[in-house]
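Down below is the structure, laid out as structure tokens.
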Amino acid sequence: SSGINAEYGVISSPSLFCSFNFPNGSCLGKMSKLILLILLLGMAESLWRRKKIDTKTKETKTDTKTEKKPETTKYEVRIITENRTDEETTGPVTITLEGLGEKLNVTQVLDNPDGKFFKAGAEDTFEFISTTNIRRVSRVNLTVTSDAAWKVNTVIVGSDRQKQEVYLYNTADQWMSTDAEKGVRKLELCSQGLASYKVEVKTADEPDAGSGNIRAQITFSDGKLTSTSGILDDFTKGETKTIEIHNMQVYLFRGLQCVTISAGADDAWLIDRIKVERFGFGVIERFKKPPLESVNDKKDWLSSDKSKGKNKIEFCRPSKKVSE
């Protein structure tokens, strides 16, 4: 016999473990159900743990996907050098772009290997990427590291986050150099506004009327505000030259009233007539004014040399002429 009392639910047959005192059931059936229950509980726990691990893995992957890379802005800078051979440089130029109304800026060194860029009359394009988005450019600062004298005419700045390019002109006609006797090491150019104008200038069809070195500038006026273009040159006898001038300050609905052309060199130029019309981005048709058209009736020559002509000539709308 077993020697163990099965009345209390303990083993009474050590050979088969079949003497549990379970009411209404055999030992083998009850043991099978117990084992099955244990197995099911074990499987359930295993599935629960696996699901918990999978959930953590998914959460980790989701966190990885939601980690955003820093947003970048691609800038494009075009630099136009003045057109005379002594106005180019072989050195690099550092440019700093400053945003409108915010203390944000982006600085980039524009390398010039073997003097490839910044040649006389050339337009050079540079592209670079920054994590800083300055939005609309308000001013540009240029810095040179070479003692060779260089004169920039225009800087044009655009980006993939900016709808319209910004044009900045060397209105002061300033030279740049590390040699203080030749020019300034740093130069600031400012954006003057939003309006763009197309200027058609016809040179008179008379002997010596054209000029290749007049270094003219056009000043726009609405009667109160004024804004000046960059340096303009190369006007041929009898021909009409079309010039696009961007980002001028004079853009009020009252319209352009006068333009003044001034000479920066002692060459002489005879203008026959001029036509100026606002165009481009932001022009609302119902506010658009007729072009300013004016003729040089007095046949005044333009020159910085007073013995050859006037330093400035003003062209105005006939009914809106602003007194000199």
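Each reported figure results from applying straightforward, stated rules to the coordinates on display, with no laboratory input. Remember, predicted model here, so these are calculated numbers, not experimental data. Here Cβ is always computed from backbone atoms with ideal geometry, including for glycine, and neighbour counts include all displayed protein chains.
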| Listed residue pairs exceeding 29 Å between alpha carbons, taken from Lys186/Lys306; Lys237/Lys312; Lys151/Lys198; Lys182/Lys224 | Lys186/Lys306; Lys182/Lys224
| said: Can you give me the long-range amide H partners of Ile231? Hydrogens built in the peptide plane at 1.01 Å from N, cutoff under 5 Å, separation of 5 or more residues or another chain. | reply: Asn170
| request: In nm, give the distance between the simple-model label positions of Val109 and Arg84, each being 7 Å from the Cα along the Cα-to-Cβ direction. | output: 3.1
| said: For a protection proxy built on the mean count of beta-carbon atoms within 10 angstrom, sort 122-134, 80-92 highest first, please. | reply: 80-92, 122-134
| query | Among all the aspartates and glutamates, which ones have a C-alpha under 20 Å from Lys308's C-alpha, if same-chain residues fewer than 8 places away are not counted? | reply | Asp205, Glu206, Asp208, Asp233, Asp234, Asp266, Asp267, Asp272, Asp297, Asp300
| query | What net charge is computed for the residues neighbouring Lys237, neighbours being all others with C-beta under 9 Å from the C-beta of Lys237, Lys and Arg scored +1, Asp and Glu -1? | reply | -4
| note | Scoring only Lys, Arg, Asp and Glu (+1, +1, -1, -1) among other residues with Cβ under 13 Å from the Cβ of Asp179 yields 0
| In nm, spacing of pseudo-spin labels at Arg161 and Ile129 (7 Å Cα→C-beta vector) | 1.4
